[in-house]
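In what follows, a single structure is set out as structure tokens and then discussed.
The values are calculated or read from the model by the stated rules, or taken from the named source; none is laboratory data. Because the structure is predicted, anything quoted here is derived from the model rather than measured. Positions of Cβ are backbone-derived with ideal geometry, glycine not excepted, and every protein chain shown enters the neighbour counts.
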Amino acid sequence: MFVFRFAVGVPCIALVVATSIAVASEPPRQPSTRSTRTPAVVRRAAPPRAVADSQGDATASDSPNSEGATTSDAAQIETTISDATASDGKARRPAAKRQTFGGKVDLASFTTASAAAVAKTAPLNLPTYTFGGTEVWGDELFYGKWRIQRNVLTNHCRLLDPDNLRHAWGSYEQCMARLKQLQTERHLSPVRGKVVIALHGLAAHRAMMTPLVEHLEKEGGFIVLNVTYPSTRGTIAQHAQRLAGIVEHLDEATEIDFVAHSMGNLVVRYYLQVAVENSEDGRIDPRIKRFVMLGPPNHGAHCAVALGGNPIFDNVMGEAAQQLGRRWGELAARLDTPPCEFAVIAGGLQNRIGWNPLLEGDDDGLVKVDEARLAGAADFALLDLHHVAMTFSSTARDYTLRFLTEGRLRADGERQPIPREDAQQAKAPSRSTER
């Protein structure tokens, strides 16, 4: 255990020290005049002409602007997150016409003939194994374990099977048409039953969530959608919009739960908040039941404050990382208490030092315990874990599964909720704490 702490903790500490020195040497920055409230409805550009993807993970000449959209963005597609409450109280999708992140096309839009016609217009595809999505790819639709992804740099899409083999690429419509053909040829089935949506954290990969995903599927019988999203390319709002598109297509799911690590929790919280705001009665989809947060920076992250302002950090980690630190105020205004039952699992050493001596109080190396706690949680647990080790911990996996199935983290049944009137809420990250 000591060797593991040393191997993981020392590089993190060295990075924080080096970057903090660089930040401290900079002159004070002027207060931002940016608005502190993000619009409740996010907009996304219509898909432009497809760009070549000869290597599966290739990029093209279009580059993103400051909001993550491509330079060819002209027409805007308004995306909303709708409520799905039926008059009889049963969970179902609303009858209203869909507006999804990827466009207005789904499998029901195609007949066999129309799918064949559209698929013929797609670029030639050589079945290619991919990494399943790096920092420039984001999932937009799941059909079983098949996925349609979009490249945030080029805006073109690709269709991947459960083994990350590419079966089509081009526009969203072309990939959907090919999926329609495969649905018939291979008797593919949509996502059904109890579904868990898993989201990784900042600058991470869906592989980080694999141990947890496999545990939930094997021991809990859940259908788990391990989502890829370009965490360093875009804002929390844009990532939440992508999540909304995924949820929107889960017509045959009977229950939807969320499990997220680190910044992925804020993506879920933002999605849930906008869902409430955009619903007619202030309620979310009744199928959404529980939410487990692993190492969540629910009050921002002092590490992000310390590292923010450094050109390398800001450019490599992107806008979402800046929102965790110096721009926390604009994000916090959009994050209310989740409107569903949720639990928080934090990491720390249960002392006054934690894993990172540069952070005040107990912490997991990157997120302070006080930053993870969130009033209204149905249960809370503090585990002796580093931030990056949470999804690999058998204890954390067991706690997560138990809460999703039983509404409690511990086997003895004792819950440790965080009252809504809890006065121990962490203060927003400030410039004065970065030294």
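Assess whether I197 counts as being touching an Asp or Glu at 6+ places or on another chain (Cβ under 9 Å) and within 22 Å of Q241 (Cβ to Cβ). Yes; evaluated as a whole, the condition is true for this residue.
Please indicate, with yes or no, whether at least one residue in segment 125-132 is under 17 Å from the mean Cα position of the chain (by Cα), at pLDDT 95 or above, surrounded by 18 or more Cβ atoms within 10 Å (Cβ to Cβ) and under 24 Å from V191 (Cα atoms). Checked against the condition, which is being under 17 Å from the mean Cα position of the chain (by Cα), at pLDDT 95 or above, surrounded by 18 or more Cβ atoms within 10 Å (Cβ to Cβ) and under 24 Å from V191 (Cα atoms), segment 125-132 yields no hits at all. Annotation note: of R283, R233, R287, R242, the sole residue that is surrounded by fewer than 22 Cβ atoms within 10 Å (Cβ to Cβ) and under 16 Å from the mean Cα position of the chain (by Cα) is R233.
Please find, among L374, L366, the residue that is under 22 Å from the mean Cα position of the chain (by Cα), assigned to a loop (DSSP other than H, G, I, E, B), in the same structural domain as F258 (by TED's automatic domain parsing) and over 30 Å from G221 (Cβ atoms). Don't jump to the end; show me each part of the working.
On the way: L374 fails: over 30 Å from G221 (Cβ atoms).
Answer to the selection: L366.
Residues in segment 368-419 that are surrounded by 20 or more Cβ atoms within 10 Å (Cβ to Cβ) and at positive phi: there are none. So which of L212, L160, L199, L153 ends up being touching a Ser or Thr at 6+ places or on another chain (Cβ under 6 Å), buried (at least 24 other Cβ atoms within 10 Å of the Cβ) and under 29 Å from V388 (Cβ atoms)? Unique residue meeting the criteria: L212.
Please verify whether R352 is assigned to a loop (DSSP other than H, G, I, E, B), under 18 Å from the mean Cα position of the chain (by Cα) and either surrounded by fewer than 24 Cβ atoms within 10 Å (Cβ to Cβ) or not assigned by TED's automatic domain parsing to the domain that holds D251 (or both), treating the condition exactly as stated. Before the answer, list the steps.
Working: assigned to a loop (DSSP other than H, G, I, E, B): yes; under 18 Å from the mean Cα position of the chain (by Cα): no; either surrounded by fewer than 24 Cβ atoms within 10 Å (Cβ to Cβ) or not assigned by TED's automatic domain parsing to the domain that holds D251 (or both): yes.
So R352 fails the test.
Can you name every residue in segment 327-339 that is closer than 13 Å to N265 by Cβ and not β-branched (V, I, T)? Steps first, answer last, please.
Initially, segment 327-339 is screened for residues closer than 13 Å to N265 by Cβ, giving 331, 335, 337-338.
Of everything in segment 327-339, those that are closer than 13 Å to N265 by Cβ and not β-branched (V, I, T) turn out to be L331, L335, P338.
Filter segment 333-349 down to residues that are surrounded by fewer than 19 Cβ atoms within 10 Å (Cβ to Cβ) and touching a strand residue (DSSP E or B) at 6+ places or on another chain (Cβ under 7 Å) and give me whichever is nearest to D285 (Cα to Cα). Filtering segment 333-349 for residues that are surrounded by fewer than 19 Cβ atoms within 10 Å (Cβ to Cβ) and touching a strand residue (DSSP E or B) at 6+ places or on another chain (Cβ under 7 Å), the one nearest to D285 (Cα to Cα) comes out as C340.
Out of N278, N315, report the one residue that is over 27 Å from R408 (Cα atoms), free of Cβ contacts under 8 Å to residues at least 60 places away in the same chain and either in contact with a Pro (Cβ under 9 Å, 6 or more places away or on another chain) or of a type in the set (S, T, N, Q) (or both).
Details: N278 fails: free of Cβ contacts under 8 Å to residues at least 60 places away in the same chain.
Selected residue: N315, the only one of N278, N315 that is over 27 Å from R408 (Cα atoms), free of Cβ contacts under 8 Å to residues at least 60 places away in the same chain and either in contact with a Pro (Cβ under 9 Å, 6 or more places away or on another chain) or of a type in the set (S, T, N, Q) (or both).
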